[in-house]
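Chemist: Here it is, the structure, as structure tokens.
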Amino acid sequence: MRLVITGAAGFLASHLTDRFLEAGDEVIGIDNLLTGRMENLAHLEGHHGFRFIRHDVSAAFDIEGTVDGVLHFASAASPPDYQAHPIETLRVGSEGTRHGLELARQKGARFFLASTSEVYGDPQVNPQPETYWGHVNSIGPRSMYDEAKRFAEAMTMAYHRTHGVDTRIVRIFNTYGPRMRPQDGRVVSNFLVQALRGEPLTVYGDGSQTRSFCYVSDEVEGIYRLFNSDRTLPTNIGNPVEFTMLELAEAVLAETGSSSPIEYRALPGDDPKVRQPDITVAREILGWEPKVPLREGLARSIPYFRTAVA
Ligand code: UDP
């Protein structure tokens, strides 16, 4: 297959690029490097199956030759990043998605949207099945990301229903691992960096809010299987084991052997209180479930973060 992956220099899409290249596919990676980094692709320099194009997919683009799949992963994804770039985030979710869909339509390619657990907002149902419609503040501090992705899902379904484009939608839950930007502001990267530097771990609020953390190799495998499946409706891919942020802090301290103290900070507005994917669909349709437990995933991530903070 010849695939176009937007956001290819980002944490998750760079790993996904590797997965397709390992399978013998060809990848054209596109990124404007707003939050992506060329170092995530450095190991692919000279790889015959890979080509990089620096471009902002919020502006129209064309690709010469045949294309079998368009995978739209471009977007700021950590709350501090998308809050620093609200208009870029809304544009890449709206115009960027439409440009990817247009390319897929013209080429007769499959379109794959990277959506998010944030479409569920601050959920009133836990765990969240795909059938849950969500609880989202359309003007709040997370709205630029949540609404961009909700719009992207709607646009994807509209192209599917109106133009018959072959589409897939994954709802990605909190994912972590090597190649995350150490300063991207997310909780796993913050805690690991803080622990390795002997600085206080910053717990927002009282630390009782929960998230469910998926190691990147598990997330990529689920995404890869979903791309190759015939499931058109949105599908949750994430690890269903739920932790409080205090439990995460303790796991990070134990795995790093750090004696950093915990420091409490104000809870940001609209911070979801709970989050856990219901992965019944992924289990049944893809035969997929995560294999790497949190402590093991942290241990696998530490060497990368140790180098990154050195
Ligand atoms: N959080 C925290 N300390 C940090 C960064 C984040 O306690 O240094 C909390 C944050 O308030 C949220 C959870 O960790 O409840 C996950 O935050 P993250 O930004 O990783 O992703 P989110 O799931 O909120 O998009």
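Chemist: Within region 11-20, can one find any residue that is at pLDDT 95 or above and part of a loop (DSSP other than H, G, I, E, B)?
Modeler: So far as region 11-20 goes, no, none of its residues is at pLDDT 95 or above and part of a loop (DSSP other than H, G, I, E, B).
Chemist: Suppose we keep only residues that are of a type in the set (Ser, Thr, Tyr) and near the ligand (Cβ under 8 Å from one of its atoms) within region 190-209. Which one would you say is nearest to Asp270 (Cα to Cα)? Before you say what the answer is, go through the steps one by one.
Modeler: Step one: of region 190-209, the residues of a type in the set (Ser, Thr, Tyr) are 202, 204, 208.
Those left that are additionally near the ligand (Cβ under 8 Å from one of its atoms): 202, 204.
On the way: Thr202: 18, Tyr204: 12 Å.
Taking the candidates together, the pick is Tyr204.
Chemist: Can you work out which of the residues in region 134-187 that are part of a helix (DSSP H, G or I) and hydroxyl-bearing (Ser, Thr, Tyr) is nearest to the ligand (Cβ to nearest atom)?
Modeler: Step one: filter region 134-187 for residues part of a helix (DSSP H, G or I), giving 143-163, 187.
Narrowing the set further to residues that are hydroxyl-bearing (Ser, Thr, Tyr) leaves 143, 145, 156, 159, 162.
Details: Ser143: 13, Tyr145: 8, Thr156: 21, Tyr159: 27, Thr162: 32 Å.
Ranking the candidates gives Tyr145 first.
Chemist: If only one of Arg231, Arg300 is in a helix (DSSP H, G or I) and either away from the ligand (no atom under 12 Å from the Cβ) or out of contact with any Lys or Arg (no Cβ under 6 Å at 6 or more places or on another chain) (or both), which one is it?
Modeler: Numbers: Arg231 fails: in a helix (DSSP H, G or I).
None of the other options fit; the residue is Arg300.
Chemist: Show the residue pairs that are 6+ apart or on different chains and have beta-carbon atoms under 6 Å apart, the first residue being within region 170-197 and modelled with pLDDT of 95 or more, the second being within 9 Å of the ligand (Cβ to nearest atom) and among the basic types (Lys, Arg).
Modeler: Final answer for the pair search is Asn174/Arg211.
Chemist: Continuing with this model, one more query. Kindly provide the set of residues from region 55-90 that are part of a helix (DSSP H, G or I) and either of a type in the set (Gly, Ala, Ser) or free of Cβ contacts under 8 Å to residues at least 40 places away in the same chain (or both), ordered by number.
Modeler: Across region 55-90, the qualifying residue is only Ala84.
Chemist: Cβ contacts < 6 Å: first residue closer than 18 Å to Val67 by Cα and among the polar types (S, T, N, Q), restricted to region 147-167; second residue in a helix (DSSP H, G or I) and open to solvent by 50 Å² or more (accessible area, probe 1.4 Å), any location; separation 6+ or different chain. Result?
Modeler: Thr167/His160
The values are calculated or read from the model by the stated rules, or taken from the named source; none is laboratory data. Remember, predicted model here, so these are calculated numbers, not experimental data. Backbone-built Cβ (ideal geometry, glycine too); neighbour counts: all protein chains shown. To get the accessible areas, we keep the full protein, side chains included, count just its heavy atoms, and leave off ligands, DNA and RNA. Shrake-Rupley method; radii C 1.70, N 1.55, O 1.52, S 1.80 Å.
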